[in-house]
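To keep things clear, I will list the structure first and then write my remarks on it.
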Amino acid sequence: MGFEVTAVSVLLGTAAAFPLVRGGLPFPAGFRVAMTLPIMIPGILIGICLLVLFTQVVKVPLSPSTAVIGQSLYTTPFVLLLVAARLQSFDRNLERAASDLGANTFNRLRLVILPLIFPAILAGALFAFTLSFDEFVITYFIVGGYNTLPIYIYTQIKYGITPEVNALASLLLMASILLLGLAFTLPALIRAMRRLVLRRRRSVDVPAALGATEAA
C-alpha cells in the first residue's frame, strides 16, 4: 500500500506545485489552503469524515483502495510543499535558455526542470512512503477488514508483547536506517554517475575531433 500512496502523492503533489508557484490560478491563496488543509486537520477527524463519505454518501465497500485514497489525501500536501519550495528557488532563465535553443515545453520539462527538482521529488516520495507506512488513525477507519502493519502490531500488542512484534520492530528500525542512508547517498551517487558519463563523452569526443582535424 505504501508504494501506491507514494506514487499517487508524488504525481498529485508535483502536478499541483507548478500552478501554485508559477501562477495561473484564479484563487491561488484558496488553492494553497485547500491543498495543505489535510495537514492541519486531526487524523481522527479525517478518518471519520472519510468513513461517512465512503459508507453513507458514495456507498463503496471499505478496502485497501479506500485506505490508499485516505492516506494520499494526507501525504500529498507534504510532497506539494517540498516540490513547491524547490520550484520557488528555480532559475527561470534556464528555461528561457532552453527555449531559445529550440526546446519545446515537453523537452524543457524533461531535460531542464525535472532533473533540477528531482531531489525535492525524491525527498517528497520518501516522506510520503514513511508517512503512509506509519499511518494508523486514518487507515483504521477506512481499511475495512484488512490489516496494515501498524494495525497488525496494534492488535498484537493488545494481547501482550510477543516475539513477532519484537522482530517486526527490529525490521522496521533496520528499514528506516537503510532508507535514511539511501536518502543521503543516492543524490551523491547520481551526481557521480553524471560526472562519469560526461568524462566518457569528453574522452570520446576529443579523439574524434583530433582525427577530423588531421583528416582535414
The exposure ranking of Thr162, Thr6, fewest beta-carbon neighbours within 10 Å first, is Thr162, Thr6
Applying the span-like rule to the chain (DSSP H, Cα extent along axis at least 20 Å, Kyte-Doolittle mean at least -0.5) gives 2-22, 64-88, 114-134, 163-215
What distance in nm separates the simple spin-label points at Ile177 and Met193, each placed 7 Å from Cα in the Cβ direction? 2.6 nm
Starting with the fewest neighbours, write out Ile48, Ile138, Ile177 ranked by other beta-carbon atoms found within 10 Å of each beta-carbon. Ile177, Ile48, Ile138
Return the calculated 222 nm mean residue ellipticity for the chain, to the nearest 500 deg cm²/dmol, obtained by summing -39500 (n - 2.57) across DSSP H runs with n ≥ 4 and dividing by the residue count. -26500 deg cm²/dmol
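Just so you know, all these numbers are worked out from the coordinates, no wet-lab data involved. The model shown is predicted, which means the values in this text are computed figures rather than measured ones. Counting neighbours? That spans all protein chains shown, and the Cβs are built from the backbone with ideal geometry, glycine included.
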